[in-house]
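So the structure is just underneath, and the comments pick up after that.
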């Protein structure tokens, strides 16, 4: 399931941040890139809901990056996010890379280049073990919902569309 990680600045930055914060699970390097929640779930053999995906938006008022960490089987509700942080715009790949230091598909919930406003999907509490990107599309790490709060300094919120 995991191999040796090649030189990846983002993966190294997340690894260091996890060590510094005393996180018990080192990141894993997957043999295949996992740019989507489904690809990550397939590579790890877990439910897609266990993937803590990172979605970046751009706040219109000041251009600040907004990170929404959501369960892989849920869709972020942009209207709910905008109610909390103000009007949003789409974030392109260059904005994501500049603000976070990571490419889309590898955005970790921590160790960003710039401070981000962070909102966390309450539905992630359905699982004891989550998996998040570790700074590269091939990098992932395990964590609990409580770890996610501790590592990000954020709180749980209702930021996803209602499940039919």
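Just so you know, all these numbers are worked out from the coordinates, no wet-lab data involved. Every value quoted in this text rests on a predicted model; they were computed, and no experiment measured them. Here the Cβ is made from the backbone with ideal geometry for all residues, glycine too, and neighbour counts use every protein chain on show.
When you scan region 144-160, how many residues do you find that are more than 21 Å from residue 26 (Cα to Cα) and surrounded by 13 or more Cβ atoms within 10 Å (Cβ to Cβ)? Looking only at that region, the number is 6.
If you check 70, 82, 111 for being outside any loop (DSSP other than H, G, I, E, B), touching a residue at least 60 places away in the same chain (Cβ under 8 Å) and either surrounded by 15 or more Cβ atoms within 10 Å (Cβ to Cβ) or within 14 Å of the chain's Cα centre (by Cα) (or both), only one passes: 70. Checking each residue in region 137-157 for being in contact with a strand residue (DSSP E or B) (Cβ under 8 Å, 6 or more places away or on another chain) and assigned to a loop (DSSP other than H, G, I, E, B) picks out 138, 144, 153, 154, 155. Looking only at region 26-41, residues that are loosely packed, with under 15 Cβ neighbours inside 10 Å and over 15 Å from the mean Cα position of the chain (by Cα) come to 3 in all. Inspect region 6-13 for any residue being surrounded by fewer than 18 Cβ atoms within 10 Å (Cβ to Cβ), more than 20 Å from residue 147 (Cα to Cα) and in contact (Cβ under 8 Å) with a residue 60 or more places away in the chain and give the result as yes or no. The answer is yes; a qualifying residue exists. Scanning region 121-161 for residues that are without any contact (Cβ under 8 Å) to a residue 60 or more places away in the chain and more than 13 Å from residue 72 (Cα to Cα) gives 128, 144, 145, 146, 149, 153, 155, 156. Quick check on region 85-108: of everything there that is touching a strand residue (DSSP E or B) at 6+ places or on another chain (Cβ under 7 Å) and in a helix (DSSP H, G or I), which residue is surrounded by the fewest Cβ atoms within 10 Å (Cβ to Cβ)? Of everything passing the filter in region 85-108, 95 is surrounded by the fewest Cβ atoms within 10 Å (Cβ to Cβ). Of the residues making up region 46-53, not a single one is in contact with a strand residue (DSSP E or B) (Cβ under 6 Å, 6 or more places away or on another chain) and more than 15 Å from residue 129 (Cα to Cα).
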